[in-house]
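For reference, the structure is listed below as structure tokens.
The values are calculated or read from the model by the stated rules, or taken from the named source; none is laboratory data. The structure presented is a predicted model; accordingly, all values stated were derived computationally and were not measured. Ideal geometry is used to build each Cβ from the backbone, glycine not excepted, and the neighbour counts take in all protein chains shown. What goes into the accessible areas is simple: the full protein's heavy atoms, side chains included, and nothing from ligands, DNA or RNA. Shrake-Rupley method; radii C 1.70, N 1.55, O 1.52, S 1.80 Å.
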Amino acid sequence: MAVNLFVYPALATREQTADLVSRLAWYLAPYHDAIGNVLLSAPDAAWVLEAKLAPHMDPYITGLIPKIIAKIKVVPEAELAQEIEAGDRKRDVFLLLDVRVEETMPETLKVAKAAYQASSGFYRVDPHRTRQEGSFFLWCGLNKFSDAKAITAENKAKLAEMAMEIGHHKHAYVFGTGPSFSDFVDGHDFGDALCIAANSIIKNKSALTKLKPKIICAADPIYHAGCSSYAGAFRVTLAEALEETGAWFICPLRDSAVYRAYLPAHLLRRMICVPFDAKAPIPVDLTGSFHINPFPNVLTLLLLPLASTFAENIHIVGCDGRRVLDDAFFWSHDKKVQFN
């Protein structure tokens, strides 16, 4: 049975409509054939039919928009509420586009929301008031359209293949994108050590040539797997870096579908997606404990578990992104390894 998605409440402007359509086009593209209808409400159906790529979105999404528009059904808001209440609460999906209405919407919708939520079918995707809106789209795809157990088993088998190829190392260097990255790379020789690079380091071609990383990681649901032009530039460069280095690409299982839909097929053979398990011990050997803990930075999330899997001694480079006194602010970066 196809999955229907309900987007509530009604859209208010053409700009909001274009933004929503662009997001739906990106995050739902891997599951197009499994989707029935996307029901939403707008004052004018033309807002949807004529929707173009929203500003600051990945240009790649332009080609995906017609396919998602074909799935969208525009109905009056009262009918949308009725459809949500009548939907299959174990199968379908309720997307809340404006969290401000969550407490004031009709009691019947609140009851429906709780039922959808119990079956992993309710997600807050307000792009202005939900900080992890992009990750919730990704979780929606994994939970409602994917066989996570089967994908996990497939990727665990690929990890065994990667372990055979990489082997065991005396030393591993893990590289973050902090301000000290370039000076350290320029001043050191990494010899036969295993090098593991994080996300936007791929922008620096000369660094990749010197490091020859055997593993490249990316774990951010917004900046790497998301729908923005920033994420789009990252993915273009990622494909180039994987071609040039022959490295393995590691990401969370949550993000696997968008990479599978985007990356060329021959690169997917060297992509491994690892599931989250917040309750399990921190892994020190992924070949035995195939999971990662949902820590809020790529160092503890992926770099250290991977390094400890393949090496005895771990050297940490470029993970000096801000002073403790600046903890309320975003990381600082080495400009040579940062997209702008």
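A quick yes/no check of all residues on (1) open to solvent by less than 10 Å² (accessible area, probe 1.4 Å); (2) more than 21 Å from the chain's Cα centre (by Cα); (3) under 28 Å from Ala29 (Cβ atoms):
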residue	(1), (2), (3)
Asp92	yes, yes, yes
Thr104	no, yes, no
Ala114	no, yes, no
Ser120	no, no, yes
Met162	yes, yes, yes
Gly167	no, yes, no
Tyr173	no, yes, no
Cys195	yes, yes, no
Filter segment 135-154 down to the residues that are of a type in the set (S, T, N, Q) and over 16 Å from the mean Cα position of the chain (by Cα) and list them by number. Thr152
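Only one of these is under 20 Å from Leu267 (Cα atoms), of a type outside the set (Ser, Thr, Tyr), modelled with pLDDT of 95 or more and open to solvent by less than 60 Å² (accessible area, probe 1.4 Å): Ala148, Ala218. Name it.
Ala218
Residue-wise test of (1) assigned to a strand (DSSP E or B); (2) in contact (Cβ under 8 Å) with a residue 60 or more places away in the chain; (3) more than 22 Å from Gly141 (Cβ to Cβ); (4) of a type in the set (Lys, Arg).
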| residue | (1), (2), (3), (4) |
| --- | --- |
| His224 | no, no, no, no |
| Ala231 | no, yes, no, no |
| Leu242 | no, no, yes, no |
| Phe249 | yes, no, no, no |
| Ala261 | no, yes, no, no |
| His266 | no, no, yes, no |
Residue tally, condition part of a loop (DSSP other than H, G, I, E, B), basic (Lys, Arg) and either modelled with pLDDT under 95 or farther than 21 Å from Arg23 by Cβ (or both), over segment 81-140: 4
Name the residues in segment 150-196 that are among the polar types (S, T, N, Q), within 26 Å of Pro252 (Cβ to Cβ) and not in a loop (DSSP other than H, G, I, E, B), would you? Thr152, Asn155
Tell me, which residue of segment 235-271 that is charged (D, E, K, R) and in contact with a strand residue (DSSP E or B) (Cβ under 9 Å, 6 or more places away or on another chain) is farthest from Pro213 (Cα to Cα)? Arg254
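Let's see how each residue does on (1) open to solvent by 20 Å² or more (accessible area, probe 1.4 Å); (2) more than 22 Å from the chain's Cα centre (by Cα); (3) touching a residue at least 60 places away in the same chain (Cβ under 8 Å):
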{"position": "Val3", "(1), (2), (3)": "no, no, yes"}
{"position": "Ala12", "(1), (2), (3)": "yes, yes, no"}
{"position": "Ser22", "(1), (2), (3)": "no, no, yes"}
{"position": "Trp26", "(1), (2), (3)": "no, no, yes"}
{"position": "Leu39", "(1), (2), (3)": "no, yes, no"}
{"position": "Val48", "(1), (2), (3)": "no, yes, no"}
